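The values are calculated or read from the model by the stated rules, or taken from the named source; none is laboratory data. Computed from a prediction, not measured in an experiment: that's the story for all the values here. Backbone-built Cβ (ideal geometry, glycine too); neighbour counts: all protein chains shown. When the accessible area is computed, the model is the full protein with side chains, heavy atoms only, and any ligands, DNA or RNA have been set aside. Shrake-Rupley method; radii C 1.70, N 1.55, O 1.52, S 1.80 Å.
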Amino acid sequence: MRSPEELLRDLMEGVEAVKPNRRVIIISPQKLREAIIRLLNEYGREGVLFSTLVGVDKPQNRVIELTYFINVIPIGGVVALRVNVNREAPSAPSISDLLPGAMAGELEAYDLLGVVFEGNRGLRRGFLAPPDMVAKGVHALRKDAKW
Amino acid sequence: MSTTEPEKEASVLVKIPITVEVPIGPQHPALHEPVLLKVYADGEEVTYVDVVTGYNHRGIEKLLESSTFHKGKFIASRVCGICNTIHDDCYTRALEYLAGIEPPPRARYLRVLAMELERIHSHMLVNAVMADIVGFDALFMLIMKDREQVMKAKEILTGNRVLADYMVLGGVRRDLDEFKRGRLLTILEKVEERIRYYRKLFEEDSTINSRLRGVGVIKAVEAVAHGLLGPTLRASNVKYDARADERYDAYDEVPFNVITAAEGDALARALVRWDEALESVSMCKYVLEHLPSGPAVVDERRLPRTFPAGEAYARAEAPRGELTYFIASVGGAVPYRVKIRTPSLNNVVNSAFSYVGYSLADVPVILTSYDPCVSCMERAIVIDLKEGREFTVPLKDLALRGAKTLMKR
């Protein structure tokens, strides 16, 4: 069984570190689905458990950084994939059809950061945000959010 | 008075599929959390469930961005009442990873003790609520009475029944003396016996069995694909536990088994919780009997006030499943971003599929009472019996023009 890094080597655009000793694989949004498909093919549908989707607004870099933490059960470890999306029109391909476990994370990131996950038909405002914030079109976790 | 002659031979059959929408929550006697389950049912059979959330969104992640790292620890503890120690631990560990602080062995053991006591009382609570939902109120009260002993044990250890704030960067807040150690062991002996009894009862009692066995079956592949966590995942025969995977705190030294069950139904989940509670009791005993000597409590005045730039990702196995904290720091006293992913986010939002095909009464939260309203009668199917044609029309058109007129179109 190959390691996730071996599997995704040609898709990698860089590597960053998250403590403790976790490597984050940076890939372009267009390659995200390909990366998930490779993980599913290698470790099987019973081996890839979606854990957490972290969205971080970085206005200084004009990006919203999305980090997908995925547990790979057969190797007992975490794979972290990071994609940067344009902050002005944030959009990333949805992976909720490949990994339905990503649904909750995508709904949350759409509601609170405004990232559109293309292909996810369940996206809706007000998933977590209160109605007044929704009415004003505010995404609470943006650094410049005011309401 | 004139009456219309009934037709001798029917030429048209109109089928109106009726879907009943049963809103359960956000305030409901059978619900313990403010969430709305929109259950759509065809007759008694659940056809679709829409999970509506947002009733208790408190903006904690935003609040954490404007509070110092140290204040954040107390906010993180208050994300959840039942598993506050685990939240505290996960946040504290993420900070420790960031600052490169390693707690001493005695503190790591005491952390495990506090978290496992929490797991015992949380699992007892969930199974007591399950007894309540199936209508076995006496059992609910008995379990809750015994659970109180665990709360007492937690108070002896941490100083508080519920909110403990037990973790401190690089250690714990209170140490354990010989007298308290003895009291905890006595309580654990009593609780263990009771949990064994309840486990046997859940396994053998006909009321519980007939309500829980074969209900809400989730296959292993479905559980993993939908990102379900904790006992829900393990009851579907998936051996995944963040304690075993991550070996944080003293979980690399305290022996334990990852409990799984093959059935994947509601009963299996209850039994996995009882078995895990028993496993936690033996872990607590092990910790009390093998507690390393040395310091555990740190001098809080000497803790760093600012933290270096970087990112940390900590995970812990909360009673409900894997809990994760992501902390991004740009240096200084305030975090740039804190992301908390609680197991219930995955377990509640992603599990809508698991109700489908079961009876309305099998949606556990609606067992006590529900108020159905008919709202989704959208379309009718008109079948031309002579020609075997079948087509759908809006109900409004059917009412205005009649099936025969529509058929001629």
Ranking B:Ser66, A:Phe50, B:Leu323 by how far each Cα lies towards the positive end of the charge dipole of the protein assembly as shown (+1 on Lys and Arg Cβ, -1 on Asp and Glu Cβ), the top one is B:Ser66
For chain A, the longest principal axis of the Cα atoms and the Cα long axis of helix A:103-113 enclose an angle in degrees, to the nearest 10, of 40 degrees
Charge dipole (debye, nearest 20) of segment B:156-234; +1 at Cβ of Lys and Arg, -1 at Cβ of Asp and Glu
120 debye
Ignoring ligands, DNA and RNA, please state the percent of accessible area on segment B:133-195 from carbon and sulfur, probe 1.4 Å.
56 percent
The answer for A:Asp97, listing residues at least 5 apart or on another chain whose modeled amide H is closer than 5 Å to its amide H, is none
Looking at segment A:66-147, what % of its DSSP beta bridges pair antiparallel, to the nearest 5?
70 percent
Total charge of the residues flanking B:Arg273 in space, meaning their Cβ is under 11 Å from its Cβ, with Lys and Arg +1 and Asp and Glu -1, is +2
Which pairs break 28 Å Cα to Cα here: B:Lys62/B:Lys154; A:Lys58/B:Lys71; B:Lys180/B:Lys200; B:Lys152/B:Lys200; B:Lys38/B:Lys152; A:Lys136/B:Lys62?
B:Lys62/B:Lys154; B:Lys180/B:Lys200; B:Lys38/B:Lys152
Give me the 1.4 Å probe accessible area per residue for chain A, excluding ligands and nucleic acids, in Å².
42 Å²
Work out Dmax and Rg for segment B:199-357 from the C-alpha atoms and quote the Rg first, both in angstrom.
19.4, 59
Which residue, B:Ala268, B:Thr342, B:Phe353, has the largest displacement toward the positive end of the dipole of segment B:265-373 when charges sit on each Cβ (Lys, Arg +1; Asp, Glu -1)?
B:Thr342
So if I place +1 on the C-beta of Lys and Arg and -1 on the C-beta of Asp and Glu, and nothing else carries charge, what would the dipole magnitude of segment A:3-92 be about its Cα centre? I want it in debye, nearest 20.
180 debye
Buried accessible area for the B:A pair, summed, 1.4 Å probe, in Å² rounded to 100?
3600 Å²
Step through the residues of segment B:82-94 one at a time and calculate ³J(HN,Hα) from phi using the Karplus curve (6.51 cos²θ - 1.76 cosθ + 1.60, θ = phi - 60°), rounding each to whole Hz and writing x for Gly and Pro.
5, 10, 5, 5, 5, 4, 4, 5, 5, 5, 4, 5, 4
Length-normalised contact order of segment B:268-338 in % [C-alpha pairs under 8 Å, at least 6 apart]
21 percent
Using a cut-off of 13 Å between alpha-carbon atoms, which aspartates and glutamates can reach B:Lys145, once sequence neighbours fewer than 8 places away in the same chain are excluded?
B:Asp137
Is it possible to state the helix-based mean residue ellipticity at 222 nm for the protein assembly as shown, with each DSSP H run of 4+ residues giving -39500 (n - 2.57), the sum divided by total residues, to the nearest 500 deg cm²/dmol? What is it?
-11500 deg cm²/dmol
In debye to the nearest 20, how big a dipole does segment B:123-273 give about its Cα centre with +1 on each Lys and Arg Cβ and -1 on each Asp and Glu Cβ?
220 debye
Note down the relative contact order for chain A as a percent, whole number, built from C-alpha pairs under 8 angstrom at least six residues apart.
18 percent
Of all accessible heavy-atom area on segment A:52-147, the percent that carbon and sulfur account for (1.4 Å)
50 percent
Take every DSSP beta bridge whose two residues both sit in the protein assembly as shown, then give the antiparallel share in percent to the nearest 5.
90 percent
Which values of log₁₀ I(q)/I(0), to two decimal places, follow from the Debye formula for segment B:161-222 at q = 0.13, 0.20, 0.22 Å⁻¹ with a uniform point scatterer at every Cα?
-0.72, -0.89, -0.95
Taking the protein assembly as shown on its own, what percent of its Cα-Cα pair distances exceed 41 Å?
28 percent
Need the list of aspartates and glutamates near A:Lys31 for cross-linking: C-alpha distance under 19 angstrom, and skip anything on the same chain fewer than eight residues off.
A:Glu5, A:Glu6, A:Asp10, A:Glu13, A:Glu16, A:Glu42, A:Glu65, A:Asp97, A:Glu106, A:Glu118
